[in-house]
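Student: First the structure, which I've put down as structure tokens, then a few questions once you've had a look.
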Amino acid sequence: MQINDGSGNSNMVKSVEGNSMWEKYRKDSKQTICIIGVLTLATKLCQADGHFSIEEEEEILNIIPHEKSQRRILFRILDEAAADTHPITYHAERIKKLIGDDHQDFLEFIIAVLYRLAHSDHIYHDEEDQAIRDVARIFGVEKTYYQLIKETFFRFFNFKYFSRKQDA
């Protein structure tokens with residue numbers, strides 16, 4: 001929020017509401033902001049059912065590639081995301097705005113990650129389902145979850161594990 005002090009100069013004042021994670025990390029690289037956005041969506045999804053389980057936390061850390069030395073930073077970002085008062089849809093809109101329509105496959109991948117996280121504690125709640133549907137709508141993903149998961153796993157995971165030639 002800008003306040004004019006009467007001298008013609010305006011001073012920047014951060015409101016509590018405007019002091020989001022997006023403000024804090026806005027000067028980082030686009031890649032870093034995307035990772036933070038995915039971590040934030042993951043955290044918000046895991047909070048949707050009212051219980052952020054250890055299984056969900058471990059799954060987030062398994063999904064996001066990182067060095068052992070970066071683990072503490074990831075936990076800090078997860079804590080910041082958990083404390084952020086904005087809903088998951090707010091963060092989805094920011095990611096969509098950042099990525100745009102040029103990388104629809106990445107947006108679909110994010111949906112697949114959220115779907116995987118929602119199932120990581122072996123309990124799929126209606127609140128999680130609704131949150132994923134809201135994010136998918138914002139991202140413009142209109143496929144069924146099954147189609148999306150199947151295509152994404154084949155596109156991203158199948159290549160990594162099944163495209164290597166075996167020596168006989």
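Student: With θ taken as phi - 60° and the coefficients 6.51, -1.76 and 1.60, list the Karplus ³J(HN,Hα) couplings across region 98-105 in order, rounded to whole Hz; mark glycine and proline as x.
Tutor: Working through the residues one at a time gives 5, 7, x, 8, 6, 10, 4, 5 Hz.
Student: How about region 55-89: which GluC sites (Glu not before Pro) there are in a DSSP loop, with at most 12 other Cβ atoms within 10 Å of their Cβ?
Tutor: Loop-located and lightly packed - Glu67.
Student: I've got another one for you. Please enumerate, by chain and number, the aspartates and glutamates with C-alpha under 18 Å from the C-alpha of Lys24, excluding those fewer than 8 residues away in the same chain.
Tutor: Cα-Cα hits under 18 Å: Asp79, Glu80, Asp84, Glu93.
Student: OK, next. For region 21-141, what number results from the quotient of the Cα radius of gyration and 2.2 N^0.38 Å?
Tutor: 0.98
Student: Read phi for every residue in region 58-68 and hand back ³J(HN,Hα) as whole Hz from Karplus 6.51 cos²θ - 1.76 cosθ + 1.60, θ = phi - 60°, with x for Gly and Pro.
Tutor: Each residue's phi maps through the Karplus curve to give 4, 5, 4, 5, 6, 6, 8, x, 7, 7, 4 Hz.
Student: Please compute the modelled spin-label separation between Ser29 and Asp101, points set 7 Å along Cα→Cβ, answer in nm with one decimal.
Tutor: Going from the Asp101 label point to the Ser29 one covers 2.8 nm.
Student: A follow-up question, please. Using label points projected 7 Å from each Cα along Cα→Cβ, tell me how many nm separate Ala82 and Tyr124, to one decimal.
Tutor: According to this spin-label approximation, the distance is 2.5 nm.
No lab work stands behind these numbers, since they all come straight from the coordinates. Every value quoted in this text rests on a predicted model; they were computed, and no experiment measured them. Positions of Cβ are backbone-derived with ideal geometry, glycine not excepted, and every protein chain shown enters the neighbour counts.
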